[in-house]
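Peer 1: First, the structure itself, so that you have it in front of you.
A short reminder: the numbers here are calculations on the coordinates, not readings from a lab. Quick caveat: nothing in here was measured; it's all calculated off a predicted structure. Cβ sites come from the backbone with ideal geometry, for glycine too, and all protein chains shown count toward neighbours.
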C-alpha cells in the first residue's frame, strides 16, 4: 500500500479533501515511487478513485515530464473493486465484483511481481480489516488537519522497516505484526 497521510493520521479531509498534500518533487522520492511501480505488475484500487486515476494518467501529454510514468500507470493492469460497477472505461482496467478477500488472495497467490494498492480511506480500511496489506508505505506530509478520514479502523501494531526523509515529507515503510 502506498498512501499519503498527515502527521495526525488522516488520509483525507472530512469531505475527502486532498488539498493538504505536499507534492514533493524531490528526485529521490520520485526515484523511490518509480521503484515501487517497477516492482509491481498489478494495481488494485476502489471504484471511487479509479475513474479519476485512469482519466488523469491517460490524459498526460507526451511533452509532460510525467509522460514516462504515466505510460507505466496506463500499461500496468488495474483491478478495480466494486460492488456496484460492472464496467469501466480505461486501458488495462477491469472491474472485480467478487469477495474482496477471496479475489485479492487469488491475485496474491499468482505468479509475477508485487501488487500496489491505491485508494481512498474506505477501500484501504477494508483491506486493512481483512489483513490483506503486506507492506505499508506511508508518505507523511508535514501538515496536521485536525479532522478527516482515517484508514486504520482499529488498534494495529506495525513494525517499522525503514524511514526516509525527503525534502517535503517522510516515507515510513511498515509491515504488520501478525
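Peer 1: Among the residues of the range 42-70, write down those that are in contact (Cβ under 8 Å) with a residue 40 or more places away in the chain and either under 14 Å from residue 1 (Cα atoms) or in contact with a helix residue (DSSP H, G or I) (Cβ under 6 Å, 6 or more places away or on another chain) (or both).
Peer 2: 42, 43, 44, 45, 46
Peer 1: For the range 11-22, give me each residue that is out of contact with any helix residue (DSSP H, G or I) (no Cβ under 9 Å at 6 or more places or on another chain) and either surrounded by 13 or more Cβ atoms within 10 Å (Cβ to Cβ) or not in a loop (DSSP other than H, G, I, E, B) (or both). First the steps, then the outcome.
Peer 2: Initially, the range 11-22 is screened for residues out of contact with any helix residue (DSSP H, G or I) (no Cβ under 9 Å at 6 or more places or on another chain), giving 13-15, 17-22.
Those that are out of contact with any helix residue (DSSP H, G or I) (no Cβ under 9 Å at 6 or more places or on another chain) and either surrounded by 13 or more Cβ atoms within 10 Å (Cβ to Cβ) or not in a loop (DSSP other than H, G, I, E, B) (or both): 13, 17, 20, 21, 22.
Peer 1: Considering (1) closer than 26 Å to residue 81 by Cα; (2) more than 16 Å from the chain's Cα centre (by Cα), say which one residue 175 fails and leave the rest.
Peer 2: Only one criterion is unmet by residue 175, namely (2).
Peer 1: Out of 68, 8, which single residue is over 17 Å from the mean Cα position of the chain (by Cα) and either closer than 29 Å to residue 85 by Cα or not in a helix (DSSP H, G or I) (or both)?
Peer 2: Values: 68 fails: either closer than 29 Å to residue 85 by Cα or not in a helix (DSSP H, G or I) (or both).
Matching residue, one of 68, 8: 8.
Peer 1: Tell me whether the range 145-154 contains one or more residues that are exposed (fewer than 14 other Cβ atoms within 10 Å of the Cβ) and closer than 11 Å to residue 10 by Cα.
Peer 2: Going residue by residue through the range 145-154, those that are exposed (fewer than 14 other Cβ atoms within 10 Å of the Cβ) are 146-147, 153-154.
Remaining after also requiring closer than 11 Å to residue 10 by Cα: 146-147.
The answer is yes; a qualifying residue exists.
Peer 1: Tell me whether the range 54-77 contains one or more residues that are closer than 28 Å to residue 147 by Cβ and either touching a strand residue (DSSP E or B) at 6+ places or on another chain (Cβ under 7 Å) or surrounded by 15 or more Cβ atoms within 10 Å (Cβ to Cβ) (or both).
Peer 2: The first filter runs over the range 54-77 and keeps only residues closer than 28 Å to residue 147 by Cβ, leaving 56.
When the remaining residues are screened for being either touching a strand residue (DSSP E or B) at 6+ places or on another chain (Cβ under 7 Å) or surrounded by 15 or more Cβ atoms within 10 Å (Cβ to Cβ) (or both), the result is none.
No, the range 54-77 contains no residue that is closer than 28 Å to residue 147 by Cβ and either touching a strand residue (DSSP E or B) at 6+ places or on another chain (Cβ under 7 Å) or surrounded by 15 or more Cβ atoms within 10 Å (Cβ to Cβ) (or both).
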